[in-house]
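Input: a single structure, listed below in structure tokens.
Read the figures in this text as sums done on the coordinates, not as results from a lab. Since the model is a prediction, treat every value here as computed from it, not as a measurement. Virtual Cβ from ideal backbone geometry, glycine too; neighbours counted across all protein chains shown.
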Amino acid sequence: MKELLVFLLVGCGLAQCTKLSPKCQLKEQLGEAIDKLGNKDLGDSLDIQAKIVCYVNLTSGFNTSAVGEKKVGSSTWKLYGIFQLSDHVICSDGETPSLNKCSKSCTDLLDSDISDDIDCLLETLIDLIKLGFLVPHLEEVGMMYKMILFQRECIEMKPSDFFSECG
């Protein structure tokens, strides 16, 4: 019995038995995707990561299958997945007129594999940053990113404080 306990303690130490929080996991995934893109247009990527993760925490609670709604002007946007991406901008639900910037069905945003969701989110954000006022459909794209990056509760938070538990 003593050998089993020693094995479990040593094995757990080697395998890093600590589980990252959803916040830290998402930070890590976003960081890897930003690094993979190698794009400096995002500026302070840790600040962007913190704002996105804060938004996710407030809106979907890290639930990849979350579906929500938001009143935008005279229409109601349906929001999908962990990032609550809009059926008017990012994906198509088959009913609502959409820009479908990522050429996806909105249901594709509801699975547990968020790597394609992250790619879509970042590529659309980079387009907005690069093209600024020249981005096609500025009003819709800008509104969606305003929702994500300028949440009142997240705007002034310091990434080092927000991610302090992530090591």
Fill in the blank from the handout: Options (1) 48; (2) 24; (3) 37 for percent of Cα pairs over 29 Å apart; the value derived from the coordinates is listed as (2)
Problem - In order through region 132-139: 3J(HN,Hα) via Karplus (6.51 cos²θ - 1.76 cosθ + 1.60), integer Hz, x for Gly, Pro - result: x, 5, 8, 4, x, 6, 3, 4
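Provide the FRET efficiency to the nearest 0.05 for the Ser75-Ser105 pair, computing r from the beta carbons and using R0 = 25 Å.
Working: r = 20 Å, r/R0 = 0.79.
About 0.80, to the nearest 0.05.
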Exercise for the section: Can you put Met157, Met144 in order of Cβ neighbours within 10 angstrom, beginning with the fewest? Expected result: Met157, Met144
Problem - Spin-label pair Arg152/Glu95, simplified geometry with 7 Å Cα→Cβ offset, distance in nm - result: 3.0 nm
Fill in the blank from the handout: Residue by residue through region 153-167, the couplings from Karplus 6.51 cos²θ - 1.76 cosθ + 1.60 with θ = phi - 60°, in Hz, x for Gly and Pro, are 6, 10, 4, 9, 6, 8, x, 5, 6, 4, 9, 4, 6, 8, x
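Are there chymotrypsin sites (Phe, Trp or Tyr not before Pro) in region 71-118 that DSSP puts in a loop and that have at most 10 other Cβ atoms within 10 Å, and which ones? If you can, show how the numbers build up before the last one.
On the way: sites: Trp77, Tyr80, Phe83; in loops: Phe83.
Here no chymotrypsin sites (Phe, Trp or Tyr not before Pro) fit, given the DSSP loop and packing criteria.
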Handout entry: Cα centroid separation - region 57-113 against region 153-167, whole Å
Key = 25 Å
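Could you compute the longest span of the chain free of GluC sites (Glu not before Pro) located in DSSP loops and having at most 16 other Cβ atoms within 10 Å, not counting the site residues?
Details: sites that count: Glu95, Glu153, Glu156.
For GluC sites (Glu not before Pro) (loop position, at most 16 other Cβ atoms within 10 Å), the longest site-free span of the chain is 1-94.
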Handout entry: Share, in percent, of DSSP beta bridges within region 22-162 that are antiparallel, nearest 5
Key = 90 percent
Practice task
State which stretch of the chain is the longest one without any exposed trypsin sites (Lys or Arg not before Pro), exposure meaning a DSSP loop state and at most 13 other Cβ atoms within 10 Å.
Solution key: 20-151
